[in-house]
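S.K.: Have a look at this one before I ask anything.
Where a number appears in this text, it was derived from the coordinates with a stated rule and is not lab data. These numbers were taken from a predicted model, which means no experiment stands behind them. As a convention, Cβ positions derive from the backbone with ideal geometry for all residues, glycine included, and neighbour counts pool all protein chains shown.
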Amino acid sequence: MRKLLAPSLLGLLFAGTAPLPGAPAEAAQANAPAPILTSPEARDVWTHAQPEVARVTHVSLDLDVDFASQTLAGTATLDVLAARDAKEIVLDVKDMAIASVTDGKGAALAYTLGEPDNDELGAALSVQLAGAKQVRITYRTSPKASALQWLPPEMTFGKTQPYLYSQGQAIHNRSWVPTQDSPGIRQTWDATLRVPGDLVAVMSAEKLSGDTGEALPDGRRAFRFRMDKPVPPYLIAFAVGDLKFKSLGPRSGVWTEAPMLQKAAYEFADVEKMIDAASALYGPYRWGRYDMLLLPPAFPYGGMENPMLTFLTPTIVTGDRSNTDVVAHELAHSWSGNLVTNATWSDSWLNEGFTTYFENRIMEALYGKERAAMYADLDWDTMMRDIAAMGDAMKPGMTAAPSRLHGNPGKGELDYTKGSNFLRMLESQLGRDTWDAYLTSYFDRHAFQPQTTAGFLADLRETMLMGKPDTELTLQLDRWAYAAGVPDNALHVKSETLAQVDELLTGFEAGGPVSAIDTKGWSTQQWLRFLNGLPRALSQERLRELDEGLTLSNSDNAYVQSAWFELAIVNRYEPALPAMAEFVGRIGRGLLVYPIYQRLMQQDGWGPDKARAIFATARPTYHPETAAGIARILGE
Ligand code: BES
Ligand code: ZN
């Protein structure tokens, strides 16, 4: 048994384990696997794993990437830490063909593969340990694997080579990595990927085989990677494509296809400064390099915080650097999310709300208060729209009710908006210096550990609020965390730049001409305030004026297009439809395409048929997760 020391504050570990006699406690701790939480609210209903019985501490992948069959095939070798009386280890697997299960030396281990609980959760793979410390699974993924999108050359920027990438969050990685797929069970990992000789593989880890990998006798290339810090498995990520790299600073650079490389380098030029600002705010950047991968437009998210290699949508490349808040956001996850991780997806505001707050602080540090205020003000608008739209019933506080019926834990906007406003309130009530010092120490004290809402509140109370009942009362912590709506101590940050946009809106609403609206040099944020601030009911003539006068349907900014199409749809403005259909067939980012389908579905007798027809054509271009999301919107 590996030696380990039970971390004092956290409930786990296994009875009867202790450091070997004479071993210095420090050394034992350094080698010890990251702790898990055993409090009731830390129980993850989206995993089959029983980590208190036996848990995976390291994953070693060895996989062949085959574009022809759209499968990954090979082995996953898992290091197992088991309680003394543990008989089996339970893993999460989804849509994969298991060929064999052995111990580390190749001796067969008995196993059972359960029935999938539902489409999202996958099945339990229970392996009889018979004393084994390692479990090796030989398997092949399904072409339907929900973490993977296989893109034909037409869907890439280069148009000549295929492309493949993974998206693990929240519970998709079990479709290509057979392990305990829970954010509360951290694992170190390494991987070897063998890919076609003219393609490059990248991963969310340290590269061990250079930028070009190692040539194999059969013409393919092998790429090797290692992540020596324990991470939740949703952060294991890779991409394979015709990728090129451009350095942006001593610790940072961008990977993308050749046609996007210069544009990406221009857009992300400030990334090194962002890393400095983030470290100055909340403690050292602990992951070594911070590279970015700019993906094809099908990528379903704005960004994904895969460690050492943030994944980004190309829709943020608007040529004016106005959407680099997304980069600041994914970078901030290097602390909130990747260092201190929500123990379950019910607590995802601990990842997203903290990160949205932190992101805003990075933007303020680089570009000043007004630019940061613009993002915060828009976030406030979004929060109010979401609260109004969802009603109290759905998701009252920031913590979602854990239920397997919810299937895949989704992306709740309140995690971002209410979560960040909660922390902004704490900053203003406690004072920026005090709050920043607390947050720095919080990240440090909980580094590489899972966290729950209750755990965060307890930490805040123990370190900051002992003997201060008055402060405790003003903060309204429980109301923020668990009750509906926004407490009255919330702080609505207002932007002057956006207030000027509001004046233009007033002019337009009073019947003023579109020619009076000067949009020259507008950032995405000004556009969004304008488009979302327009009256929802407009005449066809006014819509035509806007569309033609401001080039909306054919804007080269995807945020502008999406917000415009929403307005066009609710007014049944048909001249926008061809551009809209082209848009949703090319862009796969949920934030920009879901609202279009939602609005169409709300236009009884006009929209639903259009939505279904457009989806039928566009479906093959979507990531499986996005396709499933749209299918839900369409009631399919
Ligand atoms: N971790 C999220 C993406 C995510 C959330 C993936 C939920 C799967 C499930 C990422 O950090 C994120 O929040 N991305 C945002 C951008 C951000 C600036 C708000 C996005 O995708 O829009
Ligand atoms: Zn995020």
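S.K.: Suppose the Debye formula is applied to equal point scatterers at every Cα of the chain; what is log10 I(q)/I(0) at q = 0.06, 0.07, 0.10 Å⁻¹?
M.R.: -0.33, -0.45, -0.94
S.K.: Net charge within 15 Å of Ala631 by Cβ-Cβ distance, Lys/Arg positive one each and Asp/Glu negative one each, not counting Ala631 itself?
M.R.: Result for the neighbourhood of Ala631: 0.
S.K.: Nearest-5 percent of antiparallel DSSP beta bridges in the chain?
M.R.: 80 percent
S.K.: Does region 202-284 come out rounded, prolate or oblate, given a ≥ b ≥ c as the square roots of the eigenvalues of its C-alpha gyration tensor, rounded meaning a/c under 1.5 and, failing that, prolate meaning a/b above b/c?
M.R.: Working: a/c = 2.46, a/b = 1.33, b/c = 1.85.
Taking the square roots of the gyration eigenvalues as a ≥ b ≥ c, region 202-284 is oblate.
S.K.: With an 8 Å cut-off on Cα pairs and a minimum separation of 6 or more residues, tell me the relative contact order of the chain in percent. Could you put the intermediate results ahead of the total?
M.R.: Numbers: 1248 pairs, mean separation 70.1, N = 636.
Worked out over the chain, it gives 11 percent.
S.K.: Tell me what the chain gives for mean residue ellipticity at 222 nm when only DSSP H runs of n ≥ 4 count, each as -39,500 (n - 2.57), the sum divided by the residue total, rounded to 500 deg cm²/dmol. Don't skip to the answer; put the middle values down first.
M.R.: Numbers: 19 runs with 228 residues, N = 636.
Using -39500 (n - 2.57) per qualifying helix, the result is -11000 deg cm²/dmol.
S.K.: For region 581-586, in order, what is each residue's ³J(HN,Hα) by Karplus, 6.51 cos²θ - 1.76 cosθ + 1.60 with θ = phi - 60°, in whole Hz (x at glycine and Pro)?
M.R.: Running phi through 6.51 cos²θ - 1.76 cosθ + 1.60 with θ = phi - 60° gives 5, 4, 4, 6, x, 10 Hz.
S.K.: For Ala631 and Gln602 in the same chain, what is the full-extension length gain: residue separation times 0.36 nm, less their Cα-Cα distance, in nm?
M.R.: Full extension from Ala631 to Gln602 adds 9.0 nm.
S.K.: Calculate one ³J(HN,Hα) per residue across region 521-528 by plugging θ = phi - 60° into the Karplus curve 6.51 cos²θ - 1.76 cosθ + 1.60, and present them in order as whole Hz with x for glycine and proline.
M.R.: Once θ is set to phi - 60°, the couplings for region 521-528 become x, 5, 7, 3, 5, 5, 4, 5 Hz.
S.K.: Hey, how many Å between the Cα centroid of region 233-292 and the Cα centroid of region 126-160?
M.R.: For region 233-292 versus region 126-160, the Cα centre distance is 25 Å.
S.K.: What are the residues whose amide H is under 5 Å from the amide H of Asp190, where those residues sit 5 or more places off or on another chain and H is modelled from the backbone?
M.R.: Here Val59, Ser60, Leu61, Met227 satisfy the definition.
S.K.: Let me ask something else. Around Pro143, what is the net charge, scoring Lys/Arg as +1 and Asp/Glu as -1 over all other residues with Cβ under 14 Å from its Cβ?
M.R.: Summing Lys and Arg as +1 and Asp and Glu as -1 gives +1.
S.K.: Turning to a different aspect of this structure: Quick one: 3J(HN,Hα) in Hz for region 546-558, Karplus 6.51/-1.76/1.60 with θ = phi - 60°, rounded, Gly and Pro as x.
M.R.: With coefficients 6.51, -1.76 and 1.60, one gets 5, 4, 7, x, 10, 6, 8, 4, 9, 4, 9, 10, 5 Hz.
S.K.: Now a separate question. Using the Cα centre of the chain as the reference point, and only Cβ charges (+1 on K/R, -1 on D/E), how large is the resulting charge dipole? Debye, rounded to the nearest 20.
M.R.: Computed charge dipole of the chain: roughly 1360 debye.
S.K.: Consider just the alpha-carbon atoms of region 258-330 and return their Rg together with their Dmax, both in angstrom.
M.R.: Expressed in Å, the Cα Rg and Dmax of region 258-330 come to 12.1, 36.
S.K.: Just to confirm my numbers, what's the Cα centroid distance between region 505-528 and region 451-498 in Å?
M.R.: 37 Å
S.K.: Using the C-alpha atoms of region 406-561, what convex hull volume per residue, in cubic angstrom, is computed?
M.R.: For region 406-561, the hull spanned by Cα atoms encloses 202 Å³ per residue.
S.K.: Count neighbours as other Cβ atoms within 10 Å of each site's Cβ, and list the trypsin sites (Lys or Arg not before Pro) in region 528-575 that are DSSP loop with at most 13 such neighbours. Don't skip to the end; give the middle numbers.
M.R.: On the way: sites: Arg529, Arg536, Arg542, Arg544, Arg572; in loops: Arg536, Arg572.
When the trypsin sites (Lys or Arg not before Pro) of region 528-575 are filtered for loop state and at most 13 Cβ neighbours within 10 Å, Arg536 remain.
S.K.: Moving on to the next point. If each of Asp436 and Leu216 carries a label point 7 Å out from its Cα toward its Cβ, how far apart are those two points in nm?
M.R.: 5.0 nm
S.K.: Hey, another quick one. Cβ under 9 Å from Asn351's Cβ, Asn351 left aside: what net charge do those residues give with Lys, Arg +1 and Asp, Glu -1? Could you put the intermediate results ahead of the total?
M.R.: Details: positive: none; negative: Glu305, Asp347, Glu352, Asp415.
That sum, taken over residues with Cβ under 9 Å, equals -4.
S.K.: Sticking with this structure for a sec: For region 94-238, how big is Rg over Rh, using alpha carbon atoms and the Kirkwood form of Rh?
M.R.: With Rh from the inverse mean 1/r over Cα pairs, Rg/Rh is 0.98.
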